[in-house]
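The values are calculated or read from the model by the stated rules, or taken from the named source; none is laboratory data. It should be emphasised that the depicted structure is a prediction, and the values quoted were computed from it without experimental measurement. In this analysis, Cβ positions are derived from the backbone assuming ideal geometry, glycine residues included, and neighbour counts consider all displayed protein chains.
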Amino acid sequence: MTPTNAGRCYPKRWTALTWLAVLFWIWHPVVRNFPPSESYAVDPITGELSGPTRYQSLSELPIPVGWPLYYVRPSYLSIPLSPIVPVGAPMPSPAPSTVHPFAFLANVLLVAVAIGAIIYILQKSMYRFSLSFLLGVMVVLPLYFGLARLVEMVAGYGAVQWYVVAVYFLPVPAALVVKFSLFPRLNWRRFRLIGKDNRHSFDDYTNADDAMAAASKLEMCGDWQASVNLYRYAAEHWPEHGEYAQRCIARVTNKQSLTQA
């Protein structure tokens, strides 16, 4: 497959905005999933930091790691009560953590789906940098941080984590809406044909008023040729309305000529 005949989602056809979004969507989970290599303990009496404790593997981490799912979970999180520590005594070292490889694989899969969704949305619409895009970013970024602050004030700091996850994976439902939207898939031509099939035939009109009203309605709907034909039919069958019908025909044909010019 060459870049010339490849689809819009082909990497060589990505716009600059798509590349920037992909780099950000990759950077975000990498930073949040990057485990620390060492930690420091604080002496409860002096307040001084101890020497660094270096971790040899993920199972030694005393804190949960993983985004949006924890694939490293410290064992003390599953203990209902914390051990009693005498005043002034250093905190005991936490038990080895539990590593969940399936959670890590789930993280990779979820992030890949989110990145694929943002690529699909941007390439489907082929957004590019513009002044309106710059203004949109200037509005969205403060709104993002402002809503995070509001979520923290209302639901607590722990809810901010779910807020960030929801915003990060928002492109997924948005891509599904774009992909499976019913509006662009509706066969509007079929509806127009149904309307045409339901029209009265010329012989169904028993008086000039009904025929002229129907012709005027066809004119307003943009079906000008059918309107002209009905005006001519009315002029032939009701000569007393012929002059008015001819003026209407001239008006409609003038519209047709203007649109075809």
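Brief remarks follow.
- Qualifying residue in segment 183-192 (condition: at pLDDT below 75 and surrounded by 12 or more Cβ atoms within 10 Å (Cβ to Cβ)): yes
- Search result, residues across segment 15-34 that are among the aromatic types (Phe, Trp, Tyr) and either loosely packed, with under 13 Cβ neighbours inside 10 Å or at pLDDT below 85 (or both): Phe24, Trp27, Phe34
This table checks each residue for (1) at pLDDT 80 or above; (2) not in a loop (DSSP other than H, G, I, E, B).
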| position | (1), (2) |
| --- | --- |
| Trp67 | yes, no |
| Tyr76 | no, yes |
| Pro83 | no, no |
| Gly88 | no, no |
| Pro94 | no, no |
| Ala103 | yes, yes |
| Asn107 | yes, yes |
| Val111 | yes, yes |
| Ala114 | yes, yes |
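Residue by residue, here is whether (1) of a type outside the set (A, V, I, L, M, F, W, C); (2) at pLDDT 80 or above; (3) in the same structural domain as Ala245 (by TED's automatic domain parsing); (4) surrounded by 10 or more Cβ atoms within 10 Å (Cβ to Cβ) holds:
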residue	(1), (2), (3), (4)
Leu170	no, yes, no, yes
Pro173	yes, yes, no, yes
Gly195	yes, no, yes, yes
Asn198	yes, no, yes, no
Ser201	yes, no, yes, no
Asp204	yes, no, yes, yes
Asp209	yes, yes, yes, yes
Ala215	no, yes, yes, yes
Glu219	yes, yes, yes, yes
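- Check on Tyr157, at pLDDT 75 or above, surrounded by 10 or more Cβ atoms within 10 Å (Cβ to Cβ) and either in contact with a Gly (Cβ under 6 Å, 6 or more places away or on another chain) or over 17 Å from Ile26 (Cβ atoms) (or both): no
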